[in-house]
Amino acid sequence: MGRWKPDARTRLQEAALALYRKRGFAQTTVAEIAERAGLTERTFFRYFTDKREVLFSGEEALRQLLVSALESAPRSLSPIDAVGAAIEAPAGFFEQRRASARERQAVIAENPELQERERVKLASLASLLADGLRRRGVSDPTATLAAEMGITVFRISFERWIDDAGTRSFASIVREAFDELKSVSAGR
């Protein structure tokens, strides 16, 4: 096995995505992922707790980006605009991964267990943003409403972005979706 080759994590992720798309998530084993990546199962478990986590391993980085952006947003911003700044922050993170993001979402769309895991992730992100707004002095229900609406914008923007032919950036799609939300909430 080629354990000495660099970037085992990426190789495992690429192998898993390829197998999930070819054979299906449920039919793919950790052993098959490791073999395709030229690694051992033991190496797989050094990077991921299970085969689902291959698809969700960027969650912690996303959480950190959101928290950092919300904390550094100007205090003069409204709660929804502060959340908008946070939601737009991971744009660079995503832009580098558009092709794999499309594959990842296709795998998730085919598997109810993964769809549930994605919903849990989004709920966790909403909670994270609401907590951040509360630290900024925003009271409830405003903090919760702004965070939940922000995550809805995030989800819709992400779906639009992966469906886009590559002409629009994630950041521009997020701004457009927030403008739509503001228009709806203003009754226009």
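Just so it is clear, none of the values below were taken in a lab; they were calculated from the coordinates. Just so it is clear, the model here is predicted, and its values are computed rather than measured. Here the Cβ positions follow ideal geometry from the backbone for every residue, glycine too, while neighbour counts run over all protein chains shown.
Tell me whether segment 58-75 contains one or more residues that are touching an Asp or Glu at 6+ places or on another chain (Cβ under 9 Å), surrounded by 13 or more Cβ atoms within 10 Å (Cβ to Cβ) and not in a helix (DSSP H, G or I). Yes. Restricting attention to segment 152-170 and to residues that are in contact (Cβ under 8 Å) with a residue 40 or more places away in the chain and out of contact with any Ser or Thr (no Cβ under 9 Å at 6 or more places or on another chain), the residue that is surrounded by the most Cβ atoms within 10 Å (Cβ to Cβ) turns out to be Phe154. Residues that are closer than 18 Å to Phe25 by Cα number at least 2 in the following helices (runs of 4 or more DSSP H) confined to segment 93-177: 98-109, 112-135. Every listed requirement among (1) under 12 Å from the mean Cα position of the chain (by Cα); (2) more than 19 Å from Ser57 (Cα to Cα) is met by Phe154 save one, (2).
Scanning segment 29-57 for residues that are surrounded by 12 or more Cβ atoms within 10 Å (Cβ to Cβ), among the hydroxyl-bearing types (Ser, Thr, Tyr) and closer than 28 Å to Glu95 by Cβ gives Tyr47, Ser57. Here Val120 passes the criteria (1) within 23 Å of Tyr20 (Cβ to Cβ); (2) free of Cβ contacts under 8 Å to residues at least 40 places away in the same chain; (3) touching a Phe, Trp or Tyr at 6+ places or on another chain (Cβ under 9 Å) except the one numbered (3).
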